[in-house]
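The values are calculated or read from the model by the stated rules, or taken from the named source; none is laboratory data. These numbers come from a predicted model, not from an experiment. Note: ideal-geometry Cβ built from the backbone for every residue, glycine included; neighbour counts use all protein chains shown. With ligands, DNA and RNA removed, areas are computed over all heavy atoms of the protein, side chains included. Shrake-Rupley method; radii C 1.70, N 1.55, O 1.52, S 1.80 Å.
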Amino acid sequence: EAQVTQNPRYLITVTGKKLTVTCSQNMNHEYMSWYRQDPGLGLRQIYYSMNVEVTDKGDVPEGYKVSRKEKRNFPLILESPSPNQTSLYFCASHATGSWLNTGELFFGEGSRLTVL
Amino acid sequence: GQQLNQSPQSMFIQEGEDVSMNCTSSSIFNTWLWYKQDPGEGPVLLIALYKAGELTSNGRLTAQFGITRKDSFLNISASIPSDVGIYFCAGQNLYNNNDMRFGAGTRLTVKP
């Protein structure tokens, strides 16, 4: 089954404790992206990656890092989490070839993070 | 970046009623998309629109790409309880590295 898998789905942590949210897709997609969803603000892009070893900042990259060492994985790293990073996070992917045709992003199920 | 204004923010309707929501932008987009997010899930694409003026249907859903390229609407006819969720509009700019912008979402509640 084609899917984007995120882990963990739920996490409560404390300020300053480094954490990583993993994302993996099994569709051989070139493009991967991270979004955060906050009430009244919709989905805001944090970072994206056009392909392996190619990453770029989205609209709200501060406080986050990413890496793309393999095509299928795109982890989101919070080096020193703060309470304003409490949010619902989504990983998404699509095939570059289809991006121009459909604009369809495939989303994971989300990771709800609480930073105390 | 480009801002999308989506309205209404939320809707409470009775089963069987029709629903309409829309999105406007200060800038033009090449593609308009509508996604639905079920509770506890990630967004899923409902409809994609590629040409100004285009009107597309998907079952009880109908969406249109505004003629100015700066707006889009989504209609749901004869709503049912499983229509509950958050609906997001998204605009894509092919000439700006395929940049995609999302609206803030419309939360739909359907009362049986």
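Segment B:1-66 gives an Rg/Rh value of 0.96, both radii derived from C-alpha positions and Rh following Kirkwood. For segment A:32-116, the relative contact order is 27 percent, taking Cα pairs closer than 8 Å that sit 6 or more residues apart in sequence and dividing their mean separation by the residue count. If you run the Gaussian network model on chain A, springs between alpha carbon atoms under 10 Å, then out of A:Thr22, A:Thr13, A:Thr55 the most flexible one is A:Thr13. Shape annotation for chain B: C-alpha extents along the principal axes are 44, 27, 20 Å, from largest to smallest.
Here segment B:9-95 exposes an accessible surface that is 53 percent carbon and sulfur, computed with a 1.4 Å probe and the other protein chains kept in place. Can you tell me the mean projection area, over all orientations, of the convex hull of the protein assembly as shown's alpha carbons? Units nm², please. Taking the Cα atoms of the protein assembly as shown, their convex hull projects to 12.2 nm² on average.
For peptide A:36-42, the mean count of partner chain Cβ atoms within 10 Å of a residue's Cβ comes to 4.
Using 0.36 nm per residue and subtracting the Cα-Cα separation, the extra length available between A:Glu104 and A:Lys71 on full extension is 10.0 nm. Averaging 1/r over every pair of different alpha carbons in chain A and inverting the result gives a Kirkwood radius of 14.1 Å. Evaluated with a Cβ-only charge set (Lys, Arg +1; Asp, Glu -1), the protein assembly as shown carries a dipole of roughly 460 debye about its Cα centre, given to the nearest 20.
Amide H contacts of B:Ala104: B:Gln6, each under 5 Å away and 5 or more positions distant or on a separate chain (H built 1.01 Å from N in the peptide plane; Pro and chain starts excluded). Shown in residue order for segment B:46-59 are the 3J(HN,Hα) couplings computed by the Karplus curve 6.51 cos²θ - 1.76 cosθ + 1.60 at θ = phi - 60°: 9, 9, 10, 10, 10, 10, 4, x, 4, 10, 10, 10, 9, x Hz (x for Gly and Pro). Which residues in segment A:1-45 have a backbone N closer than 16 Å to a point placed 7 Å from the Cα of A:Ala95 along the Cα-to-Cβ line? Residues passing the 16 Å test: A:1-4, A:25-32.
Here the Karplus relation 6.51 cos²θ - 1.76 cosθ + 1.60, evaluated at θ = phi - 60°, turns the backbone of segment A:33-45 into coupling constants of 8, 10, 10, 10, 10, 10, x, x, 10, x, 9, 10, 7 Hz, with x for every Gly and Pro.
Magnitude of the charge dipole for chain B, about its Cα centre and with charges confined to Cβ atoms of Lys, Arg (+1) and Asp, Glu (-1), is about 240 debye. With all protein chains kept in place, the per residue accessible area of the protein assembly as shown amounts to 47 square angstrom at a probe of 1.4 angstrom.
Counts of other chain beta carbons within 10 angstrom of each beta carbon in peptide B:26-33 average 2. Ranking B:Asp71, B:Asp18, A:Asp56 from most to least accessible surface, computed with a 1.4 Å probe over the protein chains only, gives B:Asp18, A:Asp56, B:Asp71. The residue among B:Gly91, B:Gln37, B:Ser7 whose Cα reaches farthest toward the positive pole of the charge dipole of chain B, with charges on the beta-carbon of Lys, Arg, Asp and Glu, is B:Gly91.
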